[in-house]
1. Rounded, prolate or oblate: which one fits segment 57-125, using the alpha carbon gyration tensor with axes a ≥ b ≥ c (rounded when a/c is under 1.5, else prolate when a/b beats b/c, else oblate)?
2. Cα convex hull of segment 303-438: how many Å³ per residue?
3. What nm distance separates the two modelled labels at Asp236 and Ala405, each placed 7 Å from Cα along Cα→Cβ?
4. In debye to the nearest 20, how big a dipole does segment 278-369 give about its Cα centre with +1 on each Lys and Arg Cβ and -1 on each Asp and Glu Cβ?
5. Measure out, as a whole number of angstrom, how far apart the alpha-carbon centroids of segment 1-21 and segment 145-168 sit.
6. If the cut-off is a Cα-Cα distance under 21 Å, which lysines reach Lys275, setting aside same-chain residues fewer than 8 apart in sequence?
7. Per residue and in Å³, how big is the convex hull formed by the alpha-carbon atoms of segment 105-261?
8. Run through all the Cα pairs of segment 258-370 and give the fraction in each 10 Å bin from 0, expressed as whole percent.
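We did not get these values from a lab; they are worked out from the coordinates using the rules stated. In this text, all values refer to a predicted model and were calculated from it rather than measured experimentally. Here the Cβ positions follow ideal geometry from the backbone for every residue, glycine too, while neighbour counts run over all protein chains shown.
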Amino acid sequence: MDPFILSRIQFAANISFHILFPTITIALGWVLLYFKLRYRRSSDESWMKAYHFWVKIFALSFAFGVVSGVTMSFQFGTNWPGYMGTVGNIAGPLLAYEILTAFFLEAAFLGIMLFGFRRVSNRVHTLATLLVAFGTTVSAFWIIALNSWMQTPDGFEMRGGKAFATDWVAIIFNPSMPYRLVHMLLASGLTVSFLISGISALRWLLGDCTDAMWKTLRTGVYLAAVLIPVQIAAGDQHGLNTLAHQPQKIAAMEANWETRSNVPLVLFALPDETKKQNRYEIAVPDGASLILRHSAYGIVPGLDQFEGNHPPVLPLFFGFRIMVGTGILMLLVSWTAAWVLWRCGTITRPLAMLMVPMALSGWVATLAGWYTTEIGRQPWLVSGVLKTTDALGPAPAAVVASSLAAYLIVYAVLLLAFIGVIVRLAVKAAREGDRQPEPGVEDQPLGQPVRGM
């Protein structure tokens, strides 16, 4: 097979695996801080039991994210050396900022967060949790800044085939960065809220009725119910920004072949790039014009404007619809669960059985959204600056294929292990009543052994 295709598949597999874990840690750090603050305010031990359960999942996610991030960075040198060779003057500093301002912050205080409870004061432990949560968000800020710059580059000039920064503020806060950052932070919040809700529902199905379980369940459900409409609104604004700066991506997402008004919203179709038409189309008349231009007569750019310079239509068309469809399902489930909890104070067995598989819905929506974003930039690696083909390295197809096979096997095993550990923790908590170390006295450093350990 072509080494270009193999290298793209390999990087896609790596980044797909990697993104799963920051999507958890970004928001879960703040949820853990919420649990800790509720304990400090109320001295209710169930909040600390919830904290101790979910901090294990945070630690596991953090470790997986770091390891997969390291292997991903290797591929810049082995498979895509043209990337750093062309835009390394911009990408390098942004990645360095992420390490200096975020990773070191997380690494410095993660140990206190994980192992410092009852060894340092509650105030210090809470501060460590805050700084780790802040560090994960800062890390997301720098990575999103770089990714957004690759989508909508600004603040640079080309000299001798290399990009040089002329305005770092314009580079960091490029036209799509604020929209992409908000969209990603909300995606992380939804991923975590559904993960918490789903795992708590599993514990309830296994007979766990502890206060800690109910507190985490309500936290997850109510957080999801609040965030999902905000995410829909943020996604709409992100789409309008994409229309302004990357109209070819919108044209491919909508499978709109001709620039015109009264463009329908295509719910389902099989886009045919050869014939430039949609087969088996099911559409809402004028829907795309109404959403994108707020008028049925609004003109929406079509793929006819971007001959030979637009992304592949099929993966964008379905990737976007999988993301939106998953989001609608998340809205229905979260609002239903919130209403049932509010009215009845509990959940029903059918609802709980639905919430368990929905625990991974955030991952599905996030991956579909990132596929739409990244494939939608093609044929460019950095829009208008560096084509993907020009960044490819000299690695032979056999070498790339063998490393790809190894990556896929290892990632599949690790992903199954990750999910298995979470399920095992949930089963153990349900069967043993979620026994955790008792919270210490507020603001008093406790160095004595924890009872029962």
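1. On the way: a/c = 5.90, a/b = 2.35, b/c = 2.51.
It is oblate, given that a/c is not under 1.5 and a/b is not larger than b/c.
2. Values: hull volume 29.4 nm³, N = 136.
Hull volume normalised by residue count: 216 Å³.
3. 5.0
4. Working: 5 positive and 4 negative charges, 97 e Å.
Dipole size: approximately 460 debye.
5. 24
6. Leaving aside lysines fewer than 8 places away in the same chain, those within reach of Lys275 are Lys249.
7. On the way: hull volume 29.7 nm³, N = 157.
Each residue corresponds to 189 Å³ of Cα convex hull volume.
8. 12, 31, 29, 17, 9, 2
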